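Please read the structure below before turning to the comments.
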Amino acid sequence: MVTEAADARTVWRLDATHPDDWDWTPYPDPLHRFDPDDGSYRVRYAGTTAITAARERFATRSIRARDLDLWLVEIRLGGRLLPLTHQRNLDALGVDRRISTGRAHTLDGVDPLMRQCWALATALGRWFDPPIGLRYDARSHASGGSTTVRLGSYEVDRTLRLGDARMLLNRLVILHGFKVES
């Protein structure tokens, strides 16, 4: 498989908690696309742009007044990333691009694509030491970014409240059709 250096790559995250207080206790069961199914580590998702982070966080493109208290966190990554945007990696894993954004609806309600994502996240935890990030296509392709998960080596460059990120909010409203409550 092909990995890429993440050194000095900037990603953005919207979080209710300031990064100094982030809890890295794993979830016992997966909650999101690339959470490990065995609960072996905690994943944090971040967009390659602040726009991507917002579009992923607010799928309905509606930001409520209480959301303005979220922390917008600029993160500089270190270490390596496994890109699920390279066909060679998809082939080696026996998956296709649906691994990033697809959903499979079944009669019993169990999504085999999500199970595959969770199993992949568990395998990554065993295959790579130190931890490796994962880069995949964001749901919101129009944002032009991918999303990185499992922050291994990172530094927080900057934090501010979403409500104080006026330029970002203006871009979200004007260019991406967001509604922001005040």
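Less than 5 angstrom separates the built amide H of L84 from those of R135, Y136, all sequence-distant by 5 or more or on a different chain. This model, with +1 at the C-beta of Lys and Arg and -1 at the C-beta of Asp and Glu, gives the chain a dipole about its Cα centre of some 640 debye.
Using the Cβ-Cβ distance between A92 and N170 with R0 = 41 Å, the FRET efficiency computed as 1/(1 + (r/R0)^6) comes to roughly 0.45.
Multiplying each eigenvalue of the alpha-carbon gyration tensor of the range 1-61 by 5 and taking the square root yields semi-axes of 20, 18, 14 Å, largest first, rounded to whole angstroms.
When the Kirkwood radius is taken over all Cα pairs of the range 9-100, what Stokes-Einstein diffusion coefficient follows at 20 °C and 1.002 mPa s, in µm²/s? The Stokes-Einstein estimate is 141 µm²/s.
For the range 1-26 versus the range 27-80, the inter-centroid distance based on Cα atoms is 9 Å.
Determine the calculated [θ] at 222 nm for the chain from helices alone, applying -39500 (n - 2.57) to every DSSP H run no shorter than 4 residues and normalising by the residue count; nearest 500 deg cm²/dmol. Could the numbers behind the result be given before it?
Values: 5 runs with 46 residues, N = 182.
Taking each H run of at least 4 residues, the total per residue is -7000 deg cm²/dmol.
Positive-end ranking of G79, V180, G109 along the dipole of the chain, with charges on Cβ about the Cα centre, is headed by V180. In terms of surrounding Cβ atoms within a 10 Å radius of their Cβ, T17, T52, T159, T147 rank from fewest to most as T17, T159, T52, T147.
In cubic angstrom, how much convex hull volume per residue do the alpha carbon atoms of the range 4-180 span? Could the numbers behind the result be given before it?
Numbers: hull volume 22.5 nm³, N = 177.
So the per-residue hull volume is 127 Å³.
No value in this document is a laboratory result; all are computed from the given coordinates. All values reported here derive from a predicted model rather than from experimental measurement. As a convention, Cβ positions derive from the backbone with ideal geometry for all residues, glycine included, and neighbour counts pool all protein chains shown.
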